[in-house]
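Here the structure is laid out as structure tokens; the discussion comes afterwards.
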Amino acid sequence: PEQIESSKVVAVVRLDHASELEPTVQALLDGGVRLVEATMTIPGLLEAVPGLVERFAGRMVFGIGSVLDGETALKAARAGADFVVSPVMKPEILNRAHEAGCAAAVGAYSPTEIQRAWEAGSDIVKVFPAETLGPRYIKGVRAPMPHLKLMPTGGVSADNVGQWLAAGSVALGVGSALVDVNAVRKGRFDVIRDNAAALRQAVDAYLSTTGRAVPPPDSRG
């Protein structure tokens, strides 16, 4: 969780096949993004992860997303994932991931779901789908519950990262604004690199003007 909070950006990677992962990850790394959440919707993902973890050891932090049950969370951890992410709130996902020594973030939408996810042990709560809510929602939720560590996913781009961070987000999940699937299909990994560089620059520009926010004290209600 500390690496996610310090880096601020998690690239959510959805691709047609696991064979596209290595050049995509390299492009993200070249652009300055060091955290990747590869989703379980990618065919052959779990088989590819151990090789990727070895290939980018010390340079990239790997997560596995779209995890929908505890068994998949365990498989992800055993494959070498540093963290697992789910779009839904299931305590079993948190429990199995933590038992395997893996950080975990589960998804929530309403204030009640978000607090329940936090109390269940989510290291960071993924607010999803955030594009339907906006930065003001994050600010509104944290006003009475400043202990929450929230990572909005959906609707985040280089143009609005400052708004999301100013609202109190500890990190941002970024999908299509970083990883253009059509560009990947055409082998245009330079597009991915440039997207990553633009987003990284926007985040760093915001942090340089505000200073890195001190995370709130850990509280589980």
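When the solvent-accessible surface of protein heavy atoms is calculated with a 1.4 angstrom probe, in what order do 78, 55, 136, 142 fall, highest first?
Of 78, 55, 136, 142, the descending order of accessible area is 136, 78, 55, 142.
How much length is gained if the chain between residue 54 and residue 3 is pulled fully straight, taking 0.36 nm per residue apart and subtracting their Cα-Cα distance, in nm to one decimal?
That pair, residue 54 and residue 3, stretches by 16.5 nm at full extension.
Report D for the stretch 40-164 in µm² per second (integer): Stokes-Einstein, Kirkwood Rh on Cα pairs, 37 °C, 0.692 mPa s.
For the chosen part, D equals 218 µm²/s.
Where only protein heavy atoms count, and the probe is 1.4 Å, what is the accessible area per residue for the chain in Å²?
43 Å²
With a 1.4 Å probe and every protein chain kept in, tell me what percent of the accessible surface of the stretch 82-170 is carbon plus sulfur.
In the stretch 82-170, the share of accessible area belonging to carbon and sulfur is 51 percent.
Where does the stretch 93-221 land on the Kirkwood hydrodynamic radius, alpha-carbon pairs, in angstrom?
Evaluated on the stretch 93-221, it is 15.7 Å.
Once Rh for the chain is found with the Kirkwood sum over Cα pairs, what is the Stokes-Einstein diffusion coefficient at 20 °C and 1.002 mPa s, in µm²/s?
In µm²/s, the coefficient is 125.
The values are calculated or read from the model by the stated rules, or taken from the named source; none is laboratory data. What you are looking at is a predicted structure, and each value in this text was computed from that prediction instead of being measured. Note: areas computed on protein heavy atoms with side chains; ligands, DNA, RNA excluded. Shrake-Rupley method; radii C 1.70, N 1.55, O 1.52, S 1.80 Å.
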